[in-house]
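Encoded as structure tokens, the structure appears first; notes follow it.
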Amino acid sequence: MKKLIALVSLLAIFIIGCGVYSFSTTALGGVKSISVPQFENQSTEYGINEDLTTELINRFIEDNTLKITAAGDADAVLRGQVVSYERTAYTYELGDIVNEYKVNIVISYVIERKDGKILVDKSNMLGWGIYDATTGTEDQAQLDAINKLARDIVDETTKSW
């Protein structure tokens, strides 16, 4: 009987405590569907906008909080652009030999509701990836940067903590 009372007490505390910490379905309040047209590319790196758009759509589908739809059917539209792409030396060995390179991708994006209200306006968001100069590839670092950007956008859009 004491165990049952303790269990009921814990359950009551849990239920009451859950009211203190509440999460909405998305950080966008009421938006249930989103359209993601292809990002524009203001950088010199060909095709990076296509790769980012594809990864972003895949992440939204995988997350399953917002439904991906055509712009005319969506509650909101996410429009963005790749602002810049850069590969720089990141670490060096003795004698100024490059050991690692870093790929930086900078983007900006806006999420706009059907009625024209801007829900998110984010500028100069950085995604990056690092690769070993002898065993790695720039393509892999690019993919890492794109994955970080897509993950961060989806998290900021769907999580309300």
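Take the residues of the range 47-69 that are out of contact with any Leu (no Cβ under 9 Å at 6 or more places or on another chain) and within 15 Å of Val31 (Cβ to Cβ): which is surrounded by the fewest Cβ atoms within 10 Å (Cβ to Cβ)? Selected residue: Asn64. Lys122 falls short on exactly one of the conditions (1) surrounded by fewer than 18 Cβ atoms within 10 Å (Cβ to Cβ); (2) modelled with pLDDT under 95; (3) assigned to a strand (DSSP E or B), and that condition is (2).
Any residue that is farther than 19 Å from Thr54 by Cα, in contact with an Asp or Glu (Cβ under 8 Å, 6 or more places away or on another chain), modelled with pLDDT of 95 or more and crowded, with 16+ Cβ neighbours inside 10 Å - is there at least one of those in the range 138-160? Scanning the range 138-160, I find no residue that is farther than 19 Å from Thr54 by Cα, in contact with an Asp or Glu (Cβ under 8 Å, 6 or more places away or on another chain), modelled with pLDDT of 95 or more and crowded, with 16+ Cβ neighbours inside 10 Å, so the answer is no. Checking each residue in the range 131-161 for being among the small types (Gly, Ala, Ser) and more than 24 Å from Gly47 (Cα to Cα) picks out only Ser160. Of all residues in the range 101-108, none are assigned to a strand (DSSP E or B), more than 21 Å from the chain's Cα centre (by Cα) and among the polar types (S, T, N, Q). If you filter the range 38-89 down to residues that are in contact (Cβ under 8 Å) with a residue 40 or more places away in the chain and in contact with a Lys or Arg (Cβ under 6 Å, 6 or more places away or on another chain), you find that the one that is farthest from Asn124 (Cα to Cα) is Asp75. Summed over the range 108-161, the residues that are under 15 Å from Leu66 (Cα atoms) and without any contact (Cβ under 8 Å) to a residue 12 or more places away in the chain give a count of 1.
The values are calculated or read from the model by the stated rules, or taken from the named source; none is laboratory data. Source: prediction; values computed, not measured. In this analysis, Cβ positions are derived from the backbone assuming ideal geometry, glycine residues included, and neighbour counts consider all displayed protein chains.
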